[in-house]
1. All but one of (1) of a type outside the set (A, V, I, L, M, F, W, C); (2) closer than 22 Å to residue 61 by Cβ; (3) in contact (Cβ under 8 Å) with a residue 12 or more places away in the chain hold for residue 144; which doesn't?
2. Scan segment 105-125 residue by residue and report those that are outside any helix (DSSP H, G or I) and touching a Leu at 6+ places or on another chain (Cβ under 9 Å).
3. Go through segment 377-491 and tell me which strands (runs of 3 or more DSSP E), entirely inside it, have 1 or more residues that are of a type in the set (D, E, K, R) and within 36 Å of the chain's Cα centre (by Cα).
4. Which condition from (1) closer than 18 Å to residue 117 by Cα; (2) modelled with pLDDT under 95 is the one that residue 321 breaks?
5. Looking only at segment 273-291, which residues are hydrophobic (A, V, I, L, M, F, W, C) and either surrounded by fewer than 19 Cβ atoms within 10 Å (Cβ to Cβ) or closer than 16 Å to residue 26 by Cα (or both)?
6. Just wondering, is there one or more residues in segment 165-175 that are over 26 Å from residue 114 (Cβ atoms), buried (at least 17 other Cβ atoms within 10 Å of the Cβ) and modelled with pLDDT of 95 or more?
7. Quick check on segment 294-301. Is at least one of its residues more than 30 Å from residue 37 (Cα to Cα) and either in contact (Cβ under 8 Å) with a residue 24 or more places away in the chain or outside the structural domain of residue 467 (by TED's automatic domain parsing) (or both)?
8. Evaluate the following for residue 161: is it free of Cβ contacts under 8 Å to residues at least 60 places away in the same chain and in a helix (DSSP H, G or I)?
Amino acid sequence: MATAVVVGTQAVQAQWTGPKKKPETQIELKYGPITPPHRTDVNMEAFRNYGLGQFIHWGVYAIPGNEWNGVSARGGAAASEWIRAWGGPNRPENWANIYDNLYKQFNPKDFDAKRWARQTKEMGAKYMIFTTKHHDGFALWPTKYSDYNITKSPYKKDIVKEVVDAYTAEGIDVYLYFSVLEWNNPNYMGKAPKTAEEKQRFDKFLQYTRNQLLELLENYPAIKGFWFDGTWDASWKGAYDFTYKLEKELREKHPGLVIGSRFRNDEHGARHFDSNGRLLGDYEQGWERKLPQQFEWLDGNDWDAVMTIPPNGWGYMKDWSGLYTKTTDDILDMLMHSVSMNGNLVLNFGPDGDGNMHPGEDKLAEEIGAWMKVNSEAVYGVRHADLPVSKLGYYTKKDSILYLTVFNRPVNNIARIAIAKKAKTVPVSATILGTTTKLEVKHSDIGLDLDKNTYYDVILPDDYKSTRAFVIKIQLNAPQSKSEKLMDAKM
């Protein structure tokens, strides 16, 4: 579980242990990437500039809310959005049938997509990802290709349309989550189909999937991309010719469509990256509840990290007690970690069966929004700053402006910044976002042996108080002094 723990004032997240190893030799591939790397069209440039996003997991699984008859995931049930897959000795008798009939109760009386969108805008998110259907197969739009959809519930109305329209009206870009895997679909199978009958059934499933995806593009042309899930089974991996052609068709139907790296695989089963190490899709989706430790691990790829608030709860969880739930400070730390490495952080919300966010989510949204109102210029449209990692926090950069988001305030109030001695621009002035006071900036040429850096000190006011991370905005310009050249002792 990717639980954040707090050490001092800075969160430590679960991280991959190293960069992805590249293949030593290149092989001939027919089913590699479709789009060129590092697209520069409007949609991809927008993706690079988002900074903060929102994920919403919502569906029939919100009714149980991670528990049934007093048994929660901590007591043996499956996690909230996976609860239909519950197995083991404490699984209720005839559970799959019980779950598959919960849609008859799905009538979220408090659901207001405009209220959600306003909250998300106030929080400062620039894009959102919404679950059209999860692994249970229940569609939140009136699909023509399955009776297991929102029109058969008491609610009846098209939830996907309400969400897309409301968020788009607030200027928030919408991506649609789509699970390929469907537990209750008789034509889906996890294993690779072998018999003629199995192949015929799975071919029907593939066509059904294609139909639903084209339907979503037709129904909701304002969307910017798809976020795919449930693509790991041998059946889907074996359909690489179909999925390759389907990706091409989706892109032709919706020019500029953004698709992440988990939709399909090559003919050798390689997912996310093909067998030659090239990204399959427009951005890297491997950072689920984890963050890269070093910028170099990313190899220049665009990416986002999707993050839960409880340790591993995506759908609604009634009871947060006894769990470490990420704090606003944790989330802000993850956010600045992400944007400092040219990524986006996407925070997940799991509304309840009535359409209300969890009170803990409301609190986080409000507190993150308050911080973003002051500090968002260090988040939106920024890029990685090629500077040594700072013990104080995270750097981001925009043109000639350097931002240092301070999570660990120095006790001597000196924020020391290492700059390469050969750098053509250095700190010349600074302020703290949200204030107008100019801070003193001093060149401190420490004179460490064989050190390629020189140092600039930003002096923080003794009387400046902050209960959260704060951002030092630093103007870069030509250096006004040079490092001293002193005679070295012979050794």
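1. (2)
2. Correct list: 124, 125.
3. The strands (runs of 3 or more DSSP E) meeting that bar are 393-398, 414-420, 438-444, 453-459, 470-477.
4. Residue 321 satisfies all of (1) closer than 18 Å to residue 117 by Cα; (2) modelled with pLDDT under 95 except (1).
5. So the first thing to find is which residues in segment 273-291 are hydrophobic (A, V, I, L, M, F, W, C), and the list is 273, 279-280, 287, 291.
Once the filter is applied, which keeps residues that are hydrophobic (A, V, I, L, M, F, W, C) and either surrounded by fewer than 19 Cβ atoms within 10 Å (Cβ to Cβ) or closer than 16 Å to residue 26 by Cα (or both), segment 273-291 yields 273, 279, 280.
6. Narrowing segment 165-175 to residues over 26 Å from residue 114 (Cβ atoms): none.
No, every residue in segment 165-175 fails to be over 26 Å from residue 114 (Cβ atoms), buried (at least 17 other Cβ atoms within 10 Å of the Cβ) and modelled with pLDDT of 95 or more.
7. Within segment 294-301, not a single residue is more than 30 Å from residue 37 (Cα to Cα) and either in contact (Cβ under 8 Å) with a residue 24 or more places away in the chain or outside the structural domain of residue 467 (by TED's automatic domain parsing) (or both).
8. yes
The values are calculated or read from the model by the stated rules, or taken from the named source; none is laboratory data. Since the structure is predicted, the reported quantities are computational estimates derived from the model, not experimental observations. Because the Cβ atoms are built from the backbone with ideal geometry, glycine has one as well, and the counts that use them run over all protein chains shown.
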